[in-house]
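K.L.:
Please find one structure pasted underneath; my questions will follow.
Read-outs: derived from the displayed coordinates by stated rules, not from any lab. Given the structure is predicted, the values throughout are model-derived calculations rather than measurements. Heads up, the Cβs are rebuilt from the backbone with ideal geometry, glycines too, and the neighbour counts pull from every protein chain shown.
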Amino acid sequence: MTLDYILKGGTVVEPHQVTVSDIAVKDGKIVQIASEILAEGVPAVELEGKIILPGAIDAHVHFNEPGNVEWEGIETGSRMLAAGGATLYFDMPLNSNPPTIDVPSLELKEQLSVEKSAIDYRFWGGLVPENISELESLAERGVIGFKAFISNSGFEPFKSVDNLALLNGMKEISRLGKILALHAESDEMTELLASQKIANGQLEPKDYCESRPIIAEVEAVQRALAYAEVTGCALHFVHISSPEAVHIINGAKERGLNVTLETCAHYLIFNDEDFEEHGVHAKCAPPLRAKSVQQEMIDLVAEGKIDFITSDHSPCSPELKDLTKRNFFEAWGGINGGQFTLLSVLEVAKEKELPLTVVAKLTAEAPASRFDIEGKGRIEVGYDADFAIIEESPYLVAKETIFSKHKDSLYENHKFPYKIVATYCKGKQVFAASADLSHSK
Ligand SMILES: [Zn+2]
C-alpha cells in the first residue's frame with residue numbers, strides 16, 4: 001500500500017488516550033496510527049510539539065445561502081470554519097431563503113454546497129407550521145434532524161410553531177426516528193417583556209437582556225420535555241445559556257428521555273459585561289448572561305453536563321447591526337464567531353485543566369455520535385483523515401485573521417491560549433496558517 005503522507009510526531013488526541021504518534025493517511029482515510037511509521041518516499045509533515053485533534057464538527061451554523069449570501073454564504077462560511085479547525089458543519093434551515101423546509105429547497109442547498117463548500121456538510125431540515133407532510137421526504141433525503149422555533153425566529157419566511165403544531169411535528173419526527181432541535185425561549189414572556197421595555201424607551205443592551213430572562217428559557221425547556229414524554233420525540237436543545245436549563249435537561253436524561261443539549265462558545269467566553277466593548281456585536285438570543293452564570297456554565301462543561309459545543313454562527317450584513325438606523329432591540333441578533341469554537345473549548349479546557357480527550361469529545365466525537373455521522377469525529381484507523389493541528393501559543397483575534405464574510409465580531413481582541421495552524425478534511429489540507437505547514441502530495 002502506498003501511503004499519501006504521514007503526519008509525524010504530533011501529540012495525537014485519540015478517543016481515550018493522548019500519545020505522541022505518527023498518522024498515516026491514504027485516500028482521505030486514517031490507515032495507521034503508531035509511535036513510528038517508516039515508509040520510504042512518502043511525504044511527511046513534521047508536527048513535533050503540535051496537537052492533533054479530530055477536525056471539529058459544528059452542529060449549528062447559519063450560512064444563509066441561497067437567499068442571504070450578503071450575510072455569509074457557503075464559500076466564506078466553510079473557509080472560516082476550516083480556519084477554525086472544523087471539517088464538518090450542519091447548516092440550519094434558516095436564514096437561507098427559501099428556508100430548508102421541503103425537498104426542492106434542500107436540493108438547491110445541496111447543489112450549491114457541492115460547488116462551494118471547502119469542508120464536509122450536512123443539513124438540518126425545518127419544522128414550520130405548514131410543512132409536517134414534507135418531513136418524511138426530507139428525512140429520506142438525509143437531513144440530520146429538524147429545527148423548530150417556539151420563540152420568534154426573527155426571520156419572516158421561517159415561522160415558529162405554536163404548541164399544537166409542535167406536538168404534531170414531534171409525533172411525526174418521532175415516527176421518522178429523527179431528532180428535533182429546539183430554540184427554547186418562551187415567546188409569550190419575551191414578547192411581553194420586550195414590548196414593555198420598548199414602550200418605556202428602555203433600549204439599552206441591559207434592557208434587551210432583561211427582556212429574555214433565564215426563566216423564559218426554563219419554561220420553554222420544561223414544556224418541550226413534557227411534549228417529548230407525550231410524543232416520544234428525541235430532542236436536542238440548541239444554544240442553552242443557563243445552568244437551570246442544563247440541570248433540568250440532565251434530569252430528563254436521567255429519567256430516560258432521549259435528549260441532548262449544546263451550549264455555544266460565546267456563553268463560555270463572554271458575559272453581559274462585554275456589551276461595553278462590543279455593543280451590538282454581542283447581541284444574540286438567548287442573550288449573554290451575567291459573569292457568575294458564565295462561570296457556572298464553564299463548571300458544567302467541566303463536569304460533563306453539556307453534550308457538545310457549537311458556534312450558532314449567525315452573522316448578517318453590517319446594515320442590520322447599524323444602530324444609527326435601528327435601535328438595539330431591532331438590530332440583528334446573532335454572533336459572528338464560527339471560527340472560534342474549538343479555540344474557545346481549548347481555552348476552557350486549559351482553565352479547568354481538562355484533558356484533551358474531553359476537548360475532542362465536546363467538539364467532534366459527541367456531535368458525530370448523536371447524529372450518527374459515520375467515519376467522523378475521531379482519530380481512529382478507518383475514520384476520515386479530518387484533523388485540526390493546534391499550537392499552544394497566544395493568538396490575538398484581529399480583523400485580518402477573521403475569515404467570515406464580515407469582520408466585525410464579538411471575538412475581536414480576544415486572546416486565545418492556542419492557535420490553529422492547519423486543518424485537513426478527508427486528507428486534504430483546507431487551511432494552513434503559514435506557508436511552512438502547507439505541503440503538496
Ligand atoms: Zn441558530
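K.L.:
Test of the criteria: in segment 112-186, which GluC sites (Glu not before Pro) are in a DSSP loop and have at most 16 other Cβ atoms within 10 angstrom of their Cβ?
P.N.:
Glu130
K.L.:
In whole Hz, with x marking every Gly and Pro, tabulate ³J(HN,Hα) for segment 386-397 from phi via Karplus 6.51 cos²θ - 1.76 cosθ + 1.60, θ = phi - 60°.
P.N.:
10, 9, 10, 9, 10, 10, 7, 7, x, 9, 8, 6
K.L.:
Can you give the FRET efficiency for Thr2 and Asp187, using 1/(1 + (r/R0)^6), R0 = 45 Å, r = Cβ-Cβ distance, to the nearest 0.05?
P.N.:
In this case the efficiency is close to 0.15.
K.L.:
Give the order of Ile144, Ile309 when sorted by the count of other beta carbons within 10 angstrom, beginning with the fewest.
P.N.:
The fewest-first ordering by Cβ neighbours comes to Ile144, Ile309.
K.L.:
Quick one: which residues, 5 or more positions from Val12 or on another chain, have an amide H under 5 Å from its amide H? H modelled 1.01 Å from N in the peptide plane, none for Pro or chain starts.
P.N.:
Distant-sequence amide H within range of Val12: Thr19, Val20, Ser21, Ile52.
K.L.:
Per 0.36 nm of contour for each residue apart, how much would the distance between Glu46 and Asp299 grow if the chain were fully extended, relative to their Cα-Cα spacing?
P.N.:
87.5 nm
K.L.:
Give me the distance between the Cα centres of segment 106-144 and segment 222-259, rounded to whole Å.
P.N.:
25
K.L.:
A further question on this structure: Would you mind computing, in nm to one decimal, how far apart the modelled labels at Asn413 and Asp162 are, each placed 7 Å from Cα along Cα→Cβ?
P.N.:
Label at Asn413, label at Asp162, 4.6 nm between them.
K.L.:
Tell me the label-point distance for the pair Leu396, Lys428, using the 7 Å Cα-to-Cβ offset, in nm and rounded to one decimal.
P.N.:
Going by the 7 Å Cα→Cβ label model, 3.6 nm.
K.L.:
Using θ = phi - 60° and the Karplus relation 6.51 cos²θ - 1.76 cosθ + 1.60, list the HN-Hα couplings for segment 145-161 in order, rounded to whole Hz, with x at every Gly or Pro.
P.N.:
x, 10, 10, 9, 10, 9, 10, 4, 6, x, 9, 3, x, 10, 7, 6, 8
K.L.:
Using a Förster distance of 45 Å, how high is the FRET efficiency between Glu273 and Asp372, based on the Cβ-Cβ distance and rounded to 0.05?
P.N.:
0.70
K.L.:
Could you give each residue of segment 48-53 its phi-based ³J(HN,Hα) in whole Hz, using Karplus coefficients 6.51, -1.76, 1.60 with θ = phi - 60°, and x for Gly or Pro?
P.N.:
4, x, 9, 9, 10, 9
K.L.:
Please list the non-local residues whose amide H lies under 5 Å from the amide H of Phe123, H modeled 1.01 Å from N, same-chain partners needing a gap of 5 or more.
P.N.:
Asp91, Ile144
K.L.:
If you don't mind, there's one more thing I want to ask. Evaluate the distance, in nm, between pseudo-label points positioned 7 Å from the Cα of Val31 and of Glu140 along their respective Cα→Cβ axes.
P.N.:
3.9
K.L.:
Provide the FRET efficiency to the nearest 0.05 for the Glu115-Glu330 pair, computing r from the beta carbons and using R0 = 51 Å.
P.N.:
0.90
K.L.:
Once the piece of chain linking Arg255 and Leu323 is laid out straight, how much longer is it, given 0.36 nm per residue of separation minus the C-alpha distance between them?
P.N.:
Taking 0.36 nm per residue and subtracting the Cα distance, the gain is 19.9 nm.
K.L.:
Ok, one more. Using alpha-carbon positions, what is the distance between the centroids of segment 411-428 and segment 268-311, in Å?
P.N.:
20
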